[in-house]
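Down below is the structure, laid out as structure tokens.
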Amino acid sequence: MSGRDFLCAPINYSIYFIDTIDSTNNFLKNNYKAYPDKTALIANKQTAGRGRFDRVWISDDDICFSILFKKFHYNNIIAPLAVALALKDLNVDAGIKWPNDILINNKKVAGILIEDLYSNDFLASVVGIGMNMHDKASFDAIGLTKFTDLSKKEIINSVINHYNFLLELRYDELVKLYKKYSMVIDKKVIYKGQEYTACDITENGHLVLLNENMKLVISSNEIDVKGSLILNK
Ligand code: BTN
């Protein structure tokens, strides 16, 4: 891996670039002991990029990077927010579709894969962020090049700077911001055939659903958003 030259990134981050790798998440997960807290690995190309539910994540001249955290943070809330705020700076109207897809005009512009490592205790968390620079019709994905002239590096820089700012916020402050960008909170949703209102997000990023009979807390692993959670837009 080559050394850091990210002049505008926060000083306390170790930033590495690599041309080609299987997956930036895989690398940081497998090597978390060798790298300090807040290590970011940015790849030009991934040969085996992974999405949630072990889906393949295809990137072709797109943005792929992962950040290693060795302390617990509300990453399920912070990561999508950091991307949404970076896009807001570009005057792009993006929303967070729970748990952590970022959409523009209902098309996916970014996806996030958060992998926590535990033995008995928390060891580390790897937050992988993929952002499309180009449209991909077959995935209903939208790219950023039509919205900005910024380079991939500049966009990553912006996401990392927002991330770093968000790490300092309290949970209630994060939730307030998250709600502003969420496409799900305060909306009617159908879960397993029943209608609920999505009313909150927990510290673990679980979604709180409420109707007159029941309050449910669902984890992002329980459902495939495209499958059983239907959003009433
Ligand atoms: C998803 O939407 O399912 C999550 C996609 C996450 C993709 C990123 S790209 C950088 C990092 N490395 C991976 O293998 N995956 C994440």
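The values are calculated or read from the model by the stated rules, or taken from the named source; none is laboratory data. Values in this document were obtained by computation on a predicted structure and should not be read as measured data. As a convention, Cβ positions derive from the backbone with ideal geometry for all residues, glycine included, and neighbour counts pool all protein chains shown.
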Counting only residues that are more than 13 Å from the ligand (Cβ to nearest atom) and either crowded, with 23+ Cβ neighbours inside 10 Å or within 23 Å of residue 190 (Cα to Cα) (or both), segment 108-124 contains a total of 0
Looking across segment 35-44 at residues that are part of a strand (DSSP E or B) and either free of Cβ contacts under 8 Å to residues at least 24 places away in the same chain or more than 10 Å from the ligand (Cβ to nearest atom) (or both), the single one that is surrounded by the most Cβ atoms within 10 Å (Cβ to Cβ) is 40
Log entry, pairs with first residue in segment 22-34 being free of Cβ contacts under 8 Å to residues at least 40 places away in the same chain and within 15 Å of residue 57 (Cβ to Cβ), second being within 14 Å of the ligand (Cβ to nearest atom) and in a loop (DSSP other than H, G, I, E, B), beta carbons closer than 7 Å, six or more apart or on different chains, reads 22/47; 22/48
Given (1) at pLDDT 95 or above; (2) farther than 18 Å from residue 184 by Cα, residue 61 misses just (1)
Selection over segment 109-126 where residues are modelled with pLDDT under 95 and among the charged types (D, E, K, R) yields a count of 1
In segment 164-218, anything among the small types (Gly, Ala, Ser), more than 19 Å from the chain's Cα centre (by Cα) and surrounded by 15 or more Cβ atoms within 10 Å (Cβ to Cβ) is listed as 198
### Task
State whether the residues of segment 97-106 include one that is more than 11 Å from the ligand (Cβ to nearest atom), surrounded by fewer than 22 Cβ atoms within 10 Å (Cβ to Cβ), touching a residue at least 24 places away in the same chain (Cβ under 8 Å) and among the aromatic types (Phe, Trp, Tyr).
no
Within segment 45-60, restricting to residues that are exposed (fewer than 12 other Cβ atoms within 10 Å of the Cβ) and over 16 Å from residue 101 (Cα atoms), the one that is farthest from the ligand (Cβ to nearest atom) is 60
Counting only strands (runs of 3 or more DSSP E) entirely within segment 46-136, those with at least 2 residues that are small (Gly, Ala, Ser) and under 15 Å from the mean Cα position of the chain (by Cα) are 94-97, 107-118, 122-131
